[in-house]
Each structure stands twice: as structure tokens, then as C-alpha cells.
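K.L.:
Have a look at the structure that comes next, please.
Nothing in this text is a laboratory measurement; each read-out follows from the coordinates by a stated rule. Note that the coordinates shown come from a computational prediction; the quantities given were computed from them, not determined experimentally. Quick reminder, even Gly has a Cβ in these numbers, built from the backbone with ideal geometry, and neighbours come from all protein chains shown.
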Amino acid sequence: MAEPIPLYRFLDSDAALKTLVAGKFRVGLVSKFNDPFEWRLGCPENSTLVEKKSVEELNSERQRSSESWMGV
């Protein structure tokens with residue numbers, strides 16, 4: 001059996017009590033965030049096309065990798 005991992009959720013006291021009573025909460029994936037620039041690396045405006053493409057590839061790979069084992 002896998003070892004338990006700590007989970008944290010920051011809520012006000014009413015919402016925390018409601019979550020504990022219900023016994024459930026939601027975990028979201030970075031790709032489902034409403035802001036497409038959250039959790040993404042950027043590059044300066046004067047970056048070359050090659051640099052921009054490298055950053056985009058890195059972002060895509062990092063997102064796929066992180067979503068295979070974690071949620072937010």
C-alpha cells in the first residue's frame with residue numbers, strides 16, 4: 001500500500017467545516033485552470049523564435065509530466 005501523502009487546503013472556517021463534514025474535496029489539473037498563463041514559464045519579448053519554441057515545448061512537457069502524478 002502506498003504511504004499517505006499530506007494534503008493541504010486553505011479555507012475559511014465555514015468552508016473547512018463543510019468540507020470535513022462532506023468528506024470530499026476537488027483536485028484540479030493545471031491544464032484546466034481558467035488562466036492559461038498560470039504555472040507556465042515565460043520568456044522576454046525580445047526572445048528569438050527558437051527560444052520561444054523551446055519554452056513552449058518545455059511548458060508542454062512539464063505540464064504532461066506534473067499532471068501524471070499531482071493536482072492542485
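K.L.:
Give, in whole angstrom and from largest to smallest, the semi-axes √(5λ) of the equivalent ellipsoid of the chain, with λ running over the eigenvalues of the Cα gyration tensor.
P.N.:
Details: eigenvalues 238, 50, 15 Å².
Over the Cα atoms of the chain, the ellipsoid semi-axes are 34, 16, 9 Å.
K.L.:
Could you check which residue among S31, S13, S54 shows the biggest mean-square fluctuation in a GNM of the chain with a 10 Å Cα cutoff?
P.N.:
Ranking S31, S13, S54 by mean-square fluctuation puts S13 first.
K.L.:
Can you tell me the 0 to 90 degree angle between the C-alpha axis of helix 49-67 and the longest principal axis of the chain, rounded to 10?
P.N.:
20 degrees
K.L.:
Taking the alpha-carbon distance from K52 and a cut-off under 28 Å, which lysines remain once sequence neighbours fewer than 8 residues away in the same chain are dropped?
P.N.:
Partners found: K32.
K.L.:
Near K53, which aspartates and glutamates are there with a Cα under 16 Å away, not counting those fewer than 8 places off in the same chain?
P.N.:
Within reach: E45, E61.
K.L.:
Next up: Under a cut-off of 19 Å between alpha-carbon atoms, report the aspartates and glutamates in cross-link reach of K24, not counting same-chain residues fewer than 8 places apart.
P.N.:
D12, D14
K.L.:
Could I ask something else about it? Of L29, L49, L58, which has the largest mean-square fluctuation in a 10 Å C-alpha GNM of the chain?
P.N.:
Among L29, L49, L58, the largest GNM mean-square fluctuation belongs to L49.
K.L.:
While we're looking at this one, here's another question. Under 15 Å from a label point 7 Å along Cα→Cβ of S47: give me every residue in the range 53-72 with its amide N that close.
P.N.:
53-63
K.L.:
Only Cα pairs under 8 Å and at least 6 apart count here; give the relative contact order of the chain as a rounded whole percent.
P.N.:
39 percent
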